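The values are calculated or read from the model by the stated rules, or taken from the named source; none is laboratory data. Predicted model only: the values in this text are computed from it and were never measured. In this analysis, Cβ positions are derived from the backbone assuming ideal geometry, glycine residues included, and neighbour counts consider all displayed protein chains. Areas reflect the complete protein model, heavy atoms only, side chains present, ligands, DNA and RNA absent. Shrake-Rupley method; radii C 1.70, N 1.55, O 1.52, S 1.80 Å.
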Amino acid sequence: MAEKGNEFSQERKNRLTAVFRTFDYDSSGCIECDEFLAIGKAVRGDEIWTEEKNAECMKRVDTDGDGKIDITEFISFFQMQGLADRSDRRFTALVNKYLAAAVAGRAKYNVANQTVVEGGDFVPESYKIKAEADLLAASNHGACMFAENQANKLKRREMYNRAAGYEKEYKTMETSLIRLRRQARAAGNYYAEPESKLMFVIRIRGMCDMHPKSKKILQLLRLRQIHLGVFLRVNKATQEMIKRVEPYIAYGYPSLKAVRSMVYKRGFGKLKTTGQAQRIKLTDNSAIEASLGEFGISSFEDLIHEIYTVGPHFKEANNFLWPFKLNSPKGGLAKKRYGFNEGGQAGNRESYISQLMARML
């Protein structure tokens with residue numbers, strides 16, 4: 001999707017910032033004339049990018065005329081070139097091209113500013129050639145690592161900002177609910193709580209004396225074993241399926257804390273392969289970004305937000321999560337054959353499902 005207008009999104013600004021920091025060979029916070037010359041030669045070639053060409057282009061990019069290019073001028077230049085209106089595919093291809101040139105130019109710049117071998121004519125020529133090759137390889141590796149570290153640093157900052165936004169959204173929702181309850185109580189009325197959009201279902205019984213249709217429904221819900229749990233969207237279809245298998249499951253509407261604890265402590269992802277999908281442990285954000293990055297879900301907090309709010313990509317996020325394998329609950333499950341309202345365990349326990357989830361983590 002192309003960006004609207006001429007403004008870059010925050011993600012695109014971060015990617016251009018990573019390119020700028022890689023082009024900033026001396027890490028001074030701005031691109032100077034000699035660095036800009038090295039950039040031009042790395043992108044266009046030594047024959048095309050001359051001193052005159054470099055001075056002309058430097059004048060176009062350096063809008064304040066101080067002889068240096070800062071990050072604001074760098075992003076503004078690309079913005080004037082219409083990059084904000086390009087598709088994601090074309091923008092990514094262009095950024096990757098500039099990033100590869102930045103890495104190559106950074107390596108050459110570091111080699112040019114270092115003494116390869118000391119000793120002059122007393123050093124064998126073969127040793128000089130090998131030392132130059134080793135220095136170039138080390139510089140290339142260092143430039144690649146620097147570019148990767150800068151991109152990861154900006155990505156982590158963006159994830160942090162999104163997580164802070166989610167926390168603010170949760171706080172606003174909670175404050176709004178408290179305000180509406182107080183208003184209803186002050187007017188002498190009862191406040192009708194909003195219907196939950198998310199439920200968590202746990203299988204609490206085995207398959208003995210089970211009707212084939214009930215068994216099939218549990219398979220469709222991905223509850224093939226006892227003490228497996230899954231998140232479900234609350235709609236007519238899932239409610240009708242749940243009614244048929246209610247004696248075998250416990251379900252309810254989990255809190256944010258319960259959802260977060262379940263994903264962080266018991267979360268496993270699904271890695272699609274040519275054969276059967278693999279169950280992978282979620283130890284960092286890379287596995288989530290690899291599978292759900294195209295949907296804007298690249299971290300744990302993005303995944304939790306999509307699940308808890310039942311967002312537009314809930315289906316993809318929920319299918320990525322492997323059914324949660326839970327422990328036997330602390331204190332046991334008394335009277336499993338009875339409904340929750342009868343003092344048992346089966347059926348709908350609404351918000352009390354969070355307590356059961358905590359006992360089974």
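Data for the structure
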{"read-out": "Residue in region 128-172 that is farthest from Asn110 (Cα to Cα), counting only those that are among the hydroxyl-bearing types (Ser, Thr, Tyr) and touching a helix residue (DSSP H, G or I) at 6+ places or on another chain (Cβ under 7 Å)", "value": "Tyr170"}
{"read-out": "Helices (runs of 4 or more DSSP H) enclosed by region 1-76 - at least 1 residues per element that are closer than 16 Å to Ala101 by Cβ and free of Cβ contacts under 8 Å to residues at least 24 places away in the same chain", "value": "33-44, 51-61"}
{"read-out": "Leading residue by the ranking (farthest from Ser9 (Cα to Cα)) among those in region 77-100 that are of a type in the set (D, E, K, R) and part of a helix (DSSP H, G or I)", "value": "Lys97"}
{"read-out": "Options Ala164, Ala151, Ala147, Ala143; residue that is in a helix (DSSP H, G or I), of a type outside the set (S, T, N, Q) and over 16 Å from Val19 (Cβ atoms)", "value": "Ala164"}
{"read-out": "Enumeration of residues in region 93-136 that are closer than 22 Å to Leu37 by Cα, open to solvent by less than 40 Å² (accessible area, probe 1.4 Å) and modelled with pLDDT under 75", "value": "Val111"}
{"read-out": "Any chance Arg279 is more than 12 Å from Ala317 (Cα to Cα), of a type outside the set (Asp, Glu), more than 18 Å from the chain's Cα centre (by Cα) and surrounded by fewer than 16 Cβ atoms within 10 Å (Cβ to Cβ)", "value": "yes"}
{"read-out": "Candidate set from region 292-351 (those that are more than 21 Å from Lys281 (Cα to Cα) and assigned to a helix (DSSP H, G or I)); member that is most open to solvent (accessible area, probe 1.4 Å)", "value": "Asn341"}
{"read-out": "Positions within region 79-92 being of a type in the set (A, V, I, L, M, F, W, C), modelled with pLDDT under 80 and open to solvent by less than 70 Å² (accessible area, probe 1.4 Å), in sequence order", "value": "Leu83, Ala84"}
{"read-out": "Answer from Thr50, Thr72 - the residue that is open to solvent by 60 Å² or more (accessible area, probe 1.4 Å) and among the β-branched types (Val, Ile, Thr)", "value": "Thr72"}
